[in-house]
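Undergrad: Let me give you the structure first, and then I'll get to my questions.
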Amino acid sequence: MTEFKNLLVELDGEVAIVKINRERAMNALNRETVEELQSFFSYYWSDEKVKCVIVTGSGEKAFVAGADITELADLDVRTGNETSARGLYLMKTIQNFPKPVIAAVNGFALGGGCELAMACDFRFASEKAKFGQPEVNLGIIPGYGGTQRLPRLVGRGKAMQLIMTGDIIDAAEAHRIGLADEVFPHDDLMAKALETAKKICTKAPIAVSLAKESINRGLDGTLTAGCDLEKANFAQCCGTGDKNEGMEAFLEKRPANFSGH
């Protein structure tokens, strides 16, 4: 993997930690950073050594404070379409990434930053975190999936309110409405995210991946279609060596040693 200009990547065992590293710009998502994140997730898509990813921001103030306004200011209809498509493709890549992705929201998660957090599988927040989709203040709307993922997380009415007012909410309110899944003291955030990631790494990788797929694809369709997908993925698990290892370990009262096959 090539070196990144705007990302810091650290491996902690089977966990890859990717940190958006544009602290002077509040870690804003410019085009280059979006493309680098796309490259990061593409690189680790099939890397069996990495079983979980944590996304966070550099510094003490921001997870990602939005898209880069200096770039947004120059957009027209054509380039606006291209910019939205680029961001949406990244968010879809993260959503469909075959391993769990945890957002460790350490500060402002606004606009594209909130959308990045929502594309992750769940969101751990520092008590100092702030969330919002304030695009209407700039004469635009969310373009990286915010109008679609936010109502799926917090409900139609609350999403309408947040997007139409551009209000920014704190971590406690984000947790109350279901936007943040856990809130921790600021200094404990990364340790808690890493603890959860490492716990997931001890589970059967194929089962974890198929559970993620079943939930995400199931929510996009009907209950019947979702249950059919679950049935197919359950059956697929039953044909794996990890299923045999898990069952044997349980019966033998020992920890399972999953191979991912």
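Undergrad: Describe numerically, in nm with one decimal, the distance between label points set 7 Å from Cα along Cα→Cβ at Glu71 and at Asp167.
TA: A separation of 3.0 nm, rounded to one decimal place.
Undergrad: May I ask you to evaluate 6.51 cos²θ - 1.76 cosθ + 1.60, the Karplus curve with θ = phi - 60°, for each residue of the stretch 247-260 and list the ³J(HN,Hα) values in order in whole Hz, giving x for glycine and proline?
TA: Working through the residues one at a time gives 5, 5, 4, 4, 5, 8, 6, 9, x, 6, 10, 7, 9, x Hz.
Undergrad: Please report, largest first and rounded to whole Å, the three semi-axes of the ellipsoid equivalent to the stretch 19-163, where each semi-axis is the square root of five times an eigenvalue of the C-alpha gyration tensor.
TA: Taking √(5λ) for each Cα gyration eigenvalue gives 22, 18, 16 Å.
Undergrad: Further, regarding this structure: Once you have the Kirkwood Rh of the stretch 73-146 from its Cα pairs, apply Stokes-Einstein at 4 °C and 1.567 mPa s and quote D in µm²/s.
TA: Once the numbers are plugged in, D ends up at 99 µm²/s.
Undergrad: Jot down the radius of gyration and Dmax of the stretch 205-251, Cα atoms only, both in angstrom.
TA: 12.0, 37
Undergrad: Please list, ordered by chain and number, the residues whose modelled amide H lies under 5 Å from the amide H of Phe184; skip anything fewer than 5 residues away on the same chain.
TA: Hits under the 5 Å cutoff: Ala125, Ser126, Glu127.
Undergrad: Pick from Cys114, Cys52, Cys238: which residue has the top mean-square fluctuation in a GNM of the chain where Cα pairs under 10 Å get a spring?
TA: Judging by the Gaussian network model, the answer is Cys238.
Undergrad: Under 5 Å between amide hydrogens, which residues at least 5 positions from Asp68 or on another chain qualify, with H placed 1.01 Å from N in the peptide plane?
TA: Answer set, sorted by chain and number: Leu29, Asn30.
Undergrad: So if I take the centroid of the Cα atoms in the stretch 1-76 and the same for the stretch 192-206, what is the distance between those two points in Å?
TA: When both Cα centres are located, 21 Å separates them.
Undergrad: While we're on this one: Could you give the spread of the C-alpha atoms of the chain along their three principal axes, from largest to smallest, in whole angstroms?
TA: So the three principal-axis extents are 60, 41, 36 Å.
Undergrad: Can you tell me what percent of all Cα-Cα pairs in the stretch 1-104 are more than 25 Å apart?
TA: Looking at the stretch 1-104, the distances longer than 25 Å represent 19 percent of pairs.
Undergrad: Given Cβ point charges of +1 (Lys, Arg) and -1 (Asp, Glu) and nothing else, what value in debye, to the nearest 20, does the dipole of the chain about its Cα centre take?
TA: 460 debye
Undergrad: Take His175, His186, His261 and order them by how many other Cβ atoms sit within 10 Å, fewest up front.
TA: His261, His186, His175
Undergrad: Run the helix sum for the chain: -39,500 (n - 2.57) per DSSP H stretch of 4+ residues, divided by residue count, reported at 222 nm to the nearest 500 deg cm²/dmol.
TA: Theoretical 222 nm ellipticity from helices: -15000 deg cm²/dmol.
Every read-out reported here was derived from the displayed coordinates using simple, explicitly stated rules and does not represent laboratory data. What you are looking at is a predicted structure, and each value in this text was computed from that prediction instead of being measured. Quick reminder, even Gly has a Cβ in these numbers, built from the backbone with ideal geometry, and neighbours come from all protein chains shown.
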